[in-house]
1. If I model a spin label at residue 369 and residue 218 as a point 7 Å from the Cα along the Cα→Cβ vector, what separation in nanometres do I get?
2. Can you work out the FRET efficiency for the pair residue 36 and residue 259, with r the C-beta to C-beta distance and R0 = 35 Å, to the nearest 0.05?
3. Could you give the length gained by full extension between residue 247 and residue 425, i.e. 0.36 nm per residue of separation minus their alpha carbon distance, to one decimal place?
4. Would you please give the FRET efficiency between residue 179 and residue 346, computed as 1/(1 + (r/R0)^6) with r the Cβ-Cβ distance and R0 = 30 Å, to the nearest 0.05?
5. Along its principal axes, what span do the Cα atoms of the stretch 270-426 show, with the longest given first and each in whole Å?
6. Which of 63, 218 comes first, and how do the rest follow, when ranked by fewest Cβ neighbours within 10 Å?
7. Would you mind ranking 45, 390 by Cβ crowding within 10 Å, fewest neighbours first?
8. So for 66, 221, fewest C-beta neighbours within 10 Å to most, what's the order?
């Protein structure tokens, strides 16, 4: 049993207690803090349709710590020492101007498979989840918006893609996310156990049938069957996780169930609250969020369509784009506030142990170079408080590779990466 929690036991329930000082938690935490490092977390936030090129990026002539925040990033001023803006990044295989997130975390070549018009590979969040998500109820959490189709994101079910390059489903609104993370399953334990046994039986039967098919297959069919087996193995892993946590109640979050129908700015704000709660309760350590843009504009009383806004010219469209930038930066600043204010048992903050990446695979209009990128938090040991201007078309995946190494996952490459970004290493 995890030693960081106290539990009440009865004949029918196991109930998690909060960290009560009367039970000696403070003394225990103080002693443990000296020897037990806090877990690392990773959060990836993506928006479609890019930014306002003229007013979002800081001046390229001002680099390092001594730079002036741009108009679009001005709401983040109180956090300036704790995030880094990176310019010059791109995914060399990106060729779809309206796909702000499909390859953002993968860096894959969509034409890598001969004869196919779409191919993807594993996203960096799923690599991280496989390494640090084993001790939490949810290996990773994928969050979406109901507005995703109008927000310039492209194919996919979330920001996440599995080891086969297949889309990982996400939770499409704050209410679903809240219940998935924190609501108690009222189904009797015996019934839930029986359901898992039934799922295991079905899986065993499917595996037997699939194994019988292996004889005499062509190479193409054998490859397809191997991919199928990989999918089955992933289902087995999820079932194992369900069994592991079957009789352990979900953590309680210090926030109320979200209202139905939240959209735009309020949706993002509530999702950010859920992200903090999920990390604070250690329900998961890896989260992605594919954010709304069209609904955000509507919530700001802007009448310009999101697609039209991204193709701005001076005037109404450009003003809408700039207001969008400010709103997104204000919301991000609020999230950083909450991560900093959330204290760990050792006295540090959640922010100190979380790496957060915020950006898009598109700059603006149809431009796919200089992907807007903000990196924050101390989770991966990246340098903060900087404005970095890297050589043009530096692979965005070099950032993801640097984050992986900072989290203790020393892969040689990811996607189209060419190496670590030494300027990011503190």
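1. It is 4.3 nm.
2. Working: r = 38 Å, r/R0 = 1.10.
After rounding to 0.05, the efficiency reads 0.35.
3. Working: separation 178, 0.36 × 178 = 64.08 nm, distance 4.22 nm.
In short, 59.9 nm is gained.
4. Once rounded, the FRET efficiency stands at 0.45.
5. Ordered largest first, the stretch 270-426 gives principal extents of 49, 36, 24 Å.
6. 218, 63
7. 390, 45
8. Values: 66 9, 221 12.
Result, fewest neighbours first: 66, 221.
Quick note: the coordinates plus some simple rules give every number you see, no bench work behind them. Computed from a prediction, not measured in an experiment: that's the story for all the values here. So basically every Cβ, Gly included, is an ideal-geometry build from the backbone, and we count neighbours across all protein chains shown.
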